[in-house]
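Worksheet: the structure to be examined is printed underneath.
The values are calculated or read from the model by the stated rules, or taken from the named source; none is laboratory data. Everything numeric in this text was worked out from a predicted model, so none of it was measured. Note that each Cβ is placed from the backbone with ideal geometry, even for glycine, and that neighbours are counted across all protein chains shown. SASA here: full protein model, heavy atoms, side chains in, ligands and nucleic acids out. Shrake-Rupley method; radii C 1.70, N 1.55, O 1.52, S 1.80 Å.
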Amino acid sequence: MTAVMPARTTPDQGNVVLRAQGLSKRFGGLLAVQNVSFTQYAGEILAVIGPNGAGKTTLLNLLSGVYRPTSGQLWLLGNDVTGHAMEARCHAGLGRAFQIVRPFPEMTVHENVTVGALFGKRGMNLPQARERAYDLLERTGLAAHADKAAHELTLLQDKRLEVARALATQPQVLLLDEVMAGLRPAEAQEAVALVRSVQESGVSVLFIEHIMPVVRDLADRVVVMDQGQVIAEGTYREVTANPQVVSAYLGTETELHA
Ligand SMILES: Nc1ncnc2c1ncn2[C@@H]1O[C@H](COP(=O)(O)OP(=O)(O)O)[C@@H](O)[C@H]1O
Ligand SMILES: [Mg+2]
């Protein structure tokens, strides 16, 4: 008797957290995002790269619900969230840190994260939210700054605060748009460690980044965009060796090979 072999699936590929199918976004005459499809698996760190103007931030805005797509569909944890507003997506498990950091400047660091926790997925009361905020400040290395006003933080601390605020909403998928921008190399390494710890806590991460060493160190898989479209997808090694990717970066300021 021959044993029946179970279907071969890698563990991560069983579990899709985010699936985009044919997403497009038109601004007047410009198709900023054009027919973008990708899948993100649970626990995966997925990087979206591409030259300036490729449509990365617009794609993130489609994922988080800042914009409705002109066409296409988006599933979050198996649910079609295409028509859902930003807040509903947040409650459904999508967290986002913004490229332009925007905490409430006069509130303390701790209060800022508490707001995130109150806004988040499960209904939380104020004492619970305050406690969760303290935990997150520990995790993101901001505990010593809890009672400072947010506007007193350095750039690196601002980025940490932004990640803490997004995590406070208890996301299963965290979206990050160039959170390493403007950081010195040593600071970027600290930020890399933070993103890694977020993944280790069970959160899937989708991040946009133009600093290639960061992409190389963090990304399980890389999606490359150019002129609104996905032109390549694969490991860091695969995409940086892809001639279409190399040509898309030609003449830009970004050094493709880290
Ligand atoms: N709100 C908007 N209105 C009109 N055009 C926009 C808007 N946002 C982005 N664009 C345009 O869409 C294209 C993609 O922009 P963006 O998504 O910001 O690219 P990236 O983040 O990859 O640099 C660019 O040509 C940009 O000028
Ligand atoms: Mg951008």
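Go through the stretch 40-59 and report how many residues are among the polar types (S, T, N, Q) and more than 9 Å from ligand 2 (Cβ to nearest atom).
Selection size over the stretch 40-59: 1.
Name the one entry in Glu238, Glu187 that is more than 22 Å from Leu63 (Cα to Cα), modelled with pLDDT of 95 or more and of a type in the set (Asp, Glu).
Glu238
Conditions (1) touching a Pro at 6+ places or on another chain (Cβ under 8 Å); (2) small (Gly, Ala, Ser); (3) away from ligand 2 (no atom under 16 Å from the Cβ), marked per residue:
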site	(1), (2), (3)
Arg132	no, no, yes
Leu142	no, no, yes
His145	no, no, yes
Ala166	no, yes, yes
Pro171	no, no, yes
Val192	no, no, yes
Phe207	no, no, no
Arg221	no, no, yes
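Which one of these is within 14 Å of Leu175 (Cα to Cα) and touching a residue at least 60 places away in the same chain (Cβ under 8 Å): Ala32, Ala92, Ala54, Ala97?
Among Ala32, Ala92, Ala54, Ala97, only Ala97 is within 14 Å of Leu175 (Cα to Cα) and touching a residue at least 60 places away in the same chain (Cβ under 8 Å).
For the stretch 173-218, how many residues are part of a loop (DSSP other than H, G, I, E, B), under 24 Å from Asn35 (Cα atoms) and over 11 Å from the mean Cα position of the chain (by Cα)?
So the count comes out to 1.
Report the residue count in the stretch 60-70 for those that are more than 16 Å from ligand 2 (Cβ to nearest atom) and either surrounded by 18 or more Cβ atoms within 10 Å (Cβ to Cβ) or at positive phi (or both).
2
Only one of these conditions is not met by Gly251: (1) away from ligand 1 (no atom under 16 Å from the Cβ); (2) among the small types (Gly, Ala, Ser); (3) in a loop (DSSP other than H, G, I, E, B). Which number is it?
Answer for Gly251: the failing condition is (1).
Report, by residue number, each residue of the stretch 54-66 that is over 12 Å from the mean Cα position of the chain (by Cα) and modelled with pLDDT under 95.
Of everything in the stretch 54-66, those that are over 12 Å from the mean Cα position of the chain (by Cα) and modelled with pLDDT under 95 turn out to be Gly65, Val66.
Could you look through the stretch 97-107, keep only residues that are open to solvent by 10 Å² or more (accessible area, probe 1.4 Å) and touching a Lys or Arg at 6+ places or on another chain (Cβ under 9 Å), and pick out the one that is nearest to ligand 2 (Cβ to nearest atom)?
Val101
Can you tell me which residue within the stretch 223-248, out of those that are open to solvent by 40 Å² or more (accessible area, probe 1.4 Å) and in a strand (DSSP E or B), is farthest from ligand 2 (Cβ to nearest atom)?
Looking at residues that are open to solvent by 40 Å² or more (accessible area, probe 1.4 Å) and in a strand (DSSP E or B), I get Glu233.
Report whether or not Glu138 is over 19 Å from the mean Cα position of the chain (by Cα) and modelled with pLDDT under 90.
Answer is no for this residue.
What are the residues in the stretch 155-164 that are over 25 Å from Thr39 (Cα atoms) and more than 16 Å from ligand 2 (Cβ to nearest atom), if any?
If the condition is that a residue be over 25 Å from Thr39 (Cα atoms) and more than 16 Å from ligand 2 (Cβ to nearest atom), then Leu155, Leu156, Gln157, Asp158, Arg160, Leu161, Ala164 are the ones that fit.
Within the stretch 126-139, work out how many residues are within 19 Å of Glu152 (Cβ to Cβ) and surrounded by 18 or more Cβ atoms within 10 Å (Cβ to Cβ).
3
Could you count how many residues in the stretch 26-59 are within 8 Å of ligand 1 (Cβ to nearest atom) and either crowded, with 22+ Cβ neighbours inside 10 Å or closer than 26 Å to Met212 by Cα (or both)?
Of the residues in the stretch 26-59, 12 are within 8 Å of ligand 1 (Cβ to nearest atom) and either crowded, with 22+ Cβ neighbours inside 10 Å or closer than 26 Å to Met212 by Cα (or both).
Collect the residues in the stretch 196-219 that are closer than 21 Å to Ser64 by Cβ and either out of contact with any strand residue (DSSP E or B) (no Cβ under 9 Å at 6 or more places or on another chain) or open to solvent by 10 Å² or more (accessible area, probe 1.4 Å) (or both), keeping them in residue-number order.
Residues satisfying the conditions are Gln199, Ser201, Gly202, Val203, His210, Ala219.
To keep it simple, each residue is scored yes or no on (1) surrounded by fewer than 18 Cβ atoms within 10 Å (Cβ to Cβ); (2) of a type in the set (A, V, I, L, M, F, W, C); (3) within 16 Å of ligand 1 (Cβ to nearest atom).
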residue	(1), (2), (3)
Gly72	no, no, yes
Asp80	yes, no, no
Leu94	no, yes, no
Val109	no, yes, no
Met124	no, yes, no
